[in-house]
Each structure stands twice: as C-alpha cells, then as structure tokens.
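Below you'll find the structure, written out as structure tokens, and then a few comments.
The values are calculated or read from the model by the stated rules, or taken from the named source; none is laboratory data. Quick caveat, the model's predicted, so the values are computed rather than measured. All Cβ positions, glycine included, derive from the backbone under ideal geometry; neighbour counts span all protein chains shown.
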C-alpha cells in the first residue's frame, strides 16, 4: 500500500490502487466500529497508511460476548483438532508472506529483509503453538499418588475468555506470540492490536477467517489501548488479562490490575527479567510461561473398588 | 431396645496451655511492641483458653526483617538439608499429634474425631510430602523456558490463614514455602491462634534456624499490615473472597506474587442411578463436615427429580442420628461454630432462606446452653435466586435444588461466581467423565467428597481464587520459574538491597 501511495505521488500510476477498508473482526464477521470512529494510521516516517477503526467500549463488550459464545465449542474441541486449525493458520500466513512483509515493513519501519524475518518467525511461532495443543496436558497434569483407594488425576483446562493487550511495537510476531498460547490452551480471545501499528493485526484477522478458526474464538479490536483495556479489565465475563501491551505504562497497569481484582481475573504481566513488555525478545524461544498462564488445574477423584 | 452413648471425652489434660503467649519472631517469643493482647476462647463453652499478643505494625516490621535476614542462608542451604528440617518437623508433628488434636478442638470447636483423624494426619503428611521436594526442585519440570537458570525461591512469604483448619492451613502454606527455600511470616486467624504458636515451639524443637518461620497473632489489621509490607515478596491467603479481592487490589501493580484460596458454593450432584446410601453419606460429609465451615463444602445439593423424595427422606433419617455436642467427646459428629460472628452470619443467612420462601428443616437436636451452636439445617424448595443458593454460608446449612437432565445439573452447578469444588454421584462412568469435564471447579469428587491429600493440587476457578496448593503444582506458588537471573549480581547482593528497602538489617549478609 505504501508502494501504491508512492506511485501516486510521482504522478504516473498505471491504474489507481484499490485501498483496503480495515475493519474489526468480531464473532467471525468484519464490522466497523459501532461508534463510527476511525483514526489515522501512519508509517514509521509519519506517512498516512490507512484509517483504522477506533473501537469503543461497546465494541469491547460485543467482542467479549462473542468470545464467551465461542468458548464451549473451542475449549470442547479435541486438542488434535485445535492443533490442526492452528497449523492451518500458519499455512494461510505462509501464503500471504509478501503481503504481511510489506505491511510489517511499513508498520515497524523495517527493511524488507527484516520484515520478512519477522513474518517467518511469526509463522514458525504459530506452528510451535499448534504442536502444543495435544502435549500441554501431559506436561502440566497427570495422576497423583494419593494415600488411599482413589484414582486422582489433574488436568489443565482453559481459563476462559482472555483479554489480550498485544505488544505495541512488534505488530505481527508479537501479536501472534501473545495470541498463540491462548488459542493452543483452548481459550478464546479478545485481542487489542498495537495502537500505533494495527494494520498487520487487522489483516491477520482475514487469515483467521479463512483458517477454520470458529467465529468468535478470536476477536480483534483496534484503537486506543488504554481506552479499550479499562472496560475489558473490569468486565465480569472476562476471565483473564494479558497486560503485555500496557507494560510501558505502570500507572495503567496498576489501574487495570485493580479493576481485574473485581472478579479475580488471572493477570499475566511480563516481569522484569522475563522480558518487560515490548522489551521482550519476541524472536527468543517463548517457553511455556504464556501457555500455562491461561490454564486452570482441575483435579478429579474417584474411588477404586469392586 | 436403644442403647445410649456413654460420654467418651478425650482428656483435656493432654495439652498444657499457657496463660499467655507472645509473638514468635526471629526464633523467640516476645510481647507485642505496644503490649496489646487478646483472649482466645473455646467456642464450645466460651471459656478463655489463653491470652495472646496482638501484633501491630512494629511487630510486622520486626518479623519481616527477621524473615528477610534469614532468607539468604535458608535459600542457600542445600535442598537435602532443608528437607531434613522438614522431616524433623513432620516427625515431631506426628509425635505430638494427640496433644495438637486436643488443642485444635479446644480452640476451634470442631470434633476431636476430625482433628484426630483428618486434620493432624494431613498436617504431618503435608510436611513429609514437601520435605521430599526440597532437594528435587530441579527435577520437578517447572521451568518455563528451555534456557536460563533453575527455579529460585521468591524471598519472604506473607501467609494469612483462616480459622476452619488452623494447623492444616498452616501446613499447606509453610511446608511448600520452606521446601522451596523461602522464609515465612504467618498470621493465624484471630479466633484460632494457638496451634500456630504450638507449631512455633515445634520449629524450636526441630532447631529450625531463627527467622525462617515467624508467627504473628492478631486480627485483620495485622494481616493487612503484613501483606502490604514492602519487604514481602509473596502473599498467600486463604479466606473469604471479599478479603481476597482486597488483597489483590492492594498488591496491584507491584512486584509481589499472589495466590488466593477463597470461598466456594460447591454443588453436590446426585443422579438417579447413584448408590443412594453412599450418596447420602457423601452429602452429609460434604455439607456438615467441620460444621460446614469448609470452603469446598458441597453446600448445594442438586438431586435428580426422580429420586429427590427418596434421597431427602434418607438424608433426614441420617441427619437425625448425628450427635451434636462436646467437641472433645469421641462420639461427637457436630461441634461448635467457631465464633459468635460466624454464628450470627449463619443465622442471618438461614433466616433469609426462610424469609425468601424456602422450607427449613432440622433434626430434633438439643443445643448446649453455653458456646456457639447451630443445628444441622436443610432447606428444600430452594431456587437459584435465593441467597442461600448463591452466597457462601460457611455453616451446617444445606440448600437442596432439583434437576431433570445432566445439562440442567451442569448449568445449575456452574451458575455461581465461585468454582472451588463439586461432587458427582452416579454409577455411570461415562457420565462422570462428561460431567466432571463440564464443571468449572478446581476439585471434582466423583462418588466421594471432601477427600484431601498432599499430592493432590487444590484450588479454585473463577472467584474461588488462583494458584494451587498441594502436589507438584503447589511448588509453583513459591518459585520464580522464569529462569531469570536476579536483577543484581548474585541473589545475596539482591537480598541486601531489598532488606535495606524494607528497613532491614540484612544488608551485610
């Protein structure tokens, strides 16, 4: 798109490009913000790229409702099936490498080569989480040798609806690195894209829509992170909160954690040393921390006997 | 012919309770800095048992400082050595279990049958279990990254525990904290301080290094001062959901790690094909064990409509045989309510049940004239909107609802902001597995109820809290698993910095 803009500026386009209207992704559909608002998204040099939806509190609530509705189906799917769907997501991004490379380059001000490396890493990150779906229960649960005639088994289960504030700088790799663990564990997500660079995220929604991910499993909002984070942190039907995209603002983090206490949301906040928000090295081995952050352990007892 | 039970009281002389106790700080008992104290009474007869020190802000400061100072040495001890301290504690707990059972029954009001057969054996078992982990942390598979260092202790753990299982909750908190190399400041509940103080004496007998375990008796203000102290790295709380939320707000935005084990409104689901006699025993155990003062109590009975009458008749018959009275009597099933405040809350909610239209029933049951007592109570005709179906009563009160299909049972069971426990009674294995999967609760008992074990993770979904106690999972609450290096060179230097921030004396260590 930036290429097209540049062409227009030199005055001799062979044909006028068709610009994309970027929209939200909620409940498997692509609505505009109910508020009718948009905001200007610019590239690293300040040039206009597109207008993105400026989501409202109402959009956030709609997204939560869609995520809740999708939760039984996604969490109840077999782990194998979730893995297949996530692997399909990787295939779809692979097929659109050129598009994402150009969007990431524009969004983050990267050279084509570095943007391409980000997209490659993002694809590989999806594959990593696709493979975890049917293994996480084996590393996080199992039978417990209780002192009595009982079978006792602990199993990880998804926490539920997770509101995720995506990292502000890493527009695609960072986004996928925070979304992947929620989906692999069986949770559904309300994902707030990078405020400054939401376009790769909004295009990624098109991938989700064509990857067998059931509608509502991922709901993507663009807009002001602080404005959207507040109602999500306070929402009684949100079960967990990933504060990665708010980590640059300690006062916002505190406010969100206070709001989250109202229904005891599980809060994931990257700690110093584990990578502090956008200081996080998204290219590094992600480990299992984010995956386990959005799981609950259920322990079931049953007597043994005749 | 009916045989009466002869009195069978356990001897009160098995335990010597001193007229007064101080705070246990840095390996010594001391008075509260401002000299305040409060009485702890036996809820069965309202007689004062002892006078204990009331810790204030200065005492919290001293205890955190002691724990901070003890941390580097304790954390640096080889795991096998920490393990042996915990094995010592476990053995002494076993040796003194009869004394401690009597003490706990006196201070808490629960039947000696329960302290003797449930609380104390579990207390010792918990220390044995976590003792064995102390030198095996590198093998626990807890690391969150494929690179980086091994799990590290967090530092000073502030632990605030409730009055319903005083010594057992202490064990659930202290054993994993010490095994992983943390030091502890523990605040027992205001109404049940004594067993924690006896535990301090066990730490002395075990020659645990000074400052590794500190015990502060006091009230909610003491607990609030402790969890908000800047020298604390980890807060672990068991108690009400309201206080748990207040603590979560208090630590918001800070560096303290938090685990919460809070309230519940557990559903005990009885299907029509269940073995009804066993189910009745499970329902009685689920709702009346420890006078129903159990966070994971099965306080809502969901019974399939087709067997509701039959089950309720058997339940009433069984409740008629429960013996309420002297907690020290070995035949007693139902002891005293822990405090007048708790009794008032149970009374208020039970009255609300009646006022909202549910039918109230209790077996013929004579309540002692002294002490705090509440007869086992069953409400039928309860709807999901009734307060007694929604709010945690924490008393011997059972709310009965009915259902027709498994889907309805699951929907009703999950219709609560809590998610701690649930029960399923049916002979059909596939139904157990399906229903257990759909229940949003941390512990599901199928064809049994209220079973606990040190190897078995315990904790809630949703507003019942987060984090697990017990099992390998229980280690996670007390470890930094990120593999990150300490912020400054070496853990000891780091501790010095933090000690200084806490106004501590650990800087030179």
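What to note about this one:
- Unique match (being farther than 21 Å from residue B:173 by Cα, touching a helix residue (DSSP H, G or I) at 6+ places or on another chain (Cβ under 6 Å) and away from every other protein chain (no Cβ under 11 Å)) among B:402, B:383: B:402
- Test: residue in the range B:131-143 that is over 17 Å from residue B:469 (Cα atoms), part of a helix (DSSP H, G or I) and either modelled with pLDDT of 95 or more or away from chain A (no Cβ under 14 Å) (or both): yes
- Test: residue in the range B:248-265 that is closer than 17 Å to residue B:403 by Cβ, in contact with a strand residue (DSSP E or B) (Cβ under 7 Å, 6 or more places away or on another chain) and either modelled with pLDDT of 95 or more or surrounded by fewer than 23 Cβ atoms within 10 Å (Cβ to Cβ) (or both): yes
- Verdict on residue A:99 being surrounded by fewer than 24 Cβ atoms within 10 Å (Cβ to Cβ) and either away from chain B (no Cβ under 14 Å) or in a loop (DSSP other than H, G, I, E, B) (or both): yes
- Filter pass, residue A:112 being more than 9 Å from chain B (Cβ to nearest Cβ), touching a helix residue (DSSP H, G or I) at 6+ places or on another chain (Cβ under 8 Å) and more than 26 Å from residue A:218 (Cα to Cα): yes
- Test for residue B:384: is it surrounded by fewer than 16 Cβ atoms within 10 Å (Cβ to Cβ), closer than 26 Å to residue B:260 by Cβ and at pLDDT 95 or above: yes
- Boolean, residue B:343 is in a helix (DSSP H, G or I) and either touching a strand residue (DSSP E or B) at 6+ places or on another chain (Cβ under 8 Å) or closer than 29 Å to residue B:271 by Cα (or both): no
- Flag if residue B:426 is at the interface with chain A (Cβ under 10 Å from one of its Cβ atoms) and at pLDDT 95 or above: no
- All positions within the range B:311-333 that are under 17 Å from residue B:399 (Cα atoms) and in contact with a strand residue (DSSP E or B) (Cβ under 9 Å, 6 or more places away or on another chain): B:311, B:312, B:315, B:316, B:319
Condition check ((1) closer than 23 Å to residue B:471 by Cβ; (2) without any contact (Cβ under 8 Å) to a residue 24 or more places away in the chain; (3) touching a strand residue (DSSP E or B) at 6+ places or on another chain (Cβ under 9 Å)) across all residues:
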{"site": "A:120", "(1), (2), (3)": "no, yes, no"}
{"site": "A:162", "(1), (2), (3)": "no, no, yes"}
{"site": "A:172", "(1), (2), (3)": "no, no, no"}
{"site": "A:178", "(1), (2), (3)": "no, no, yes"}
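- Test: residue in the range B:289-302 that is in a strand (DSSP E or B) and in the same structural domain as residue B:156 (by TED's automatic domain parsing): no
For (1) out of contact with any strand residue (DSSP E or B) (no Cβ under 9 Å at 6 or more places or on another chain); (2) within 10 Å of chain B (Cβ to nearest Cβ); (3) assigned to a loop (DSSP other than H, G, I, E, B), each residue gets a yes or a no:
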{"position": "A:226", "(1), (2), (3)": "yes, no, no"}
{"position": "A:245", "(1), (2), (3)": "no, no, no"}
{"position": "A:252", "(1), (2), (3)": "yes, yes, no"}
{"position": "A:258", "(1), (2), (3)": "yes, yes, no"}
{"position": "A:271", "(1), (2), (3)": "no, yes, yes"}
{"position": "A:283", "(1), (2), (3)": "yes, no, yes"}
{"position": "A:286", "(1), (2), (3)": "yes, yes, yes"}
{"position": "A:297", "(1), (2), (3)": "no, yes, no"}
{"position": "A:300", "(1), (2), (3)": "no, yes, no"}
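- Residues in the range B:423-457 that are within 15 Å of residue B:468 (Cα to Cα) and touching a residue at least 60 places away in the same chain (Cβ under 8 Å): B:441, B:443, B:452, B:453, B:454, B:455.
- Residues that are crowded, with 21+ Cβ neighbours inside 10 Å and touching a strand residue (DSSP E or B) at 6+ places or on another chain (Cβ under 6 Å) were ranked within the range B:43-61; the one that is farthest from residue B:103 (Cα to Cα) is B:59.
- Test: residue in the range B:147-163 that is touching a helix residue (DSSP H, G or I) at 6+ places or on another chain (Cβ under 8 Å), more than 30 Å from residue A:282 (Cα to Cα), surrounded by fewer than 24 Cβ atoms within 10 Å (Cβ to Cβ) and at pLDDT 95 or above: yes
- For residue B:434, the conditions (1) more than 10 Å from every other protein chain (Cβ to nearest Cβ); (2) under 13 Å from residue A:296 (Cα atoms) all hold with the exception of (2).
- Some residue of the range A:199-207 being within 14 Å of chain B (Cβ to nearest Cβ) and in contact with a helix residue (DSSP H, G or I) (Cβ under 8 Å, 6 or more places away or on another chain): no
- One residue stands out among those in the range B:392-409 that are farther than 24 Å from residue B:350 by Cβ and in contact (Cβ under 8 Å) with a residue 60 or more places away in the chain: the one that is surrounded by the fewest Cβ atoms within 10 Å (Cβ to Cβ), which is B:404.
- Within the set A:122, A:130, the sole residue that is surrounded by fewer than 24 Cβ atoms within 10 Å (Cβ to Cβ) and in a helix (DSSP H, G or I) turns out to be A:130.
- Per the listing B:474, B:467, the residue uniquely at positive phi and more than 7 Å from chain A (Cβ to nearest Cβ) is B:467.
- If only residues of the range B:237-279 that are part of a loop (DSSP other than H, G, I, E, B) and under 16 Å from the mean Cα position of the chain (by Cα) are counted, the one that is nearest to the other protein chains (Cβ to nearest Cβ) is B:262.
- Residue B:171 buried (at least 24 other Cβ atoms within 10 Å of the Cβ), touching a helix residue (DSSP H, G or I) at 6+ places or on another chain (Cβ under 6 Å) and part of a helix (DSSP H, G or I): yes
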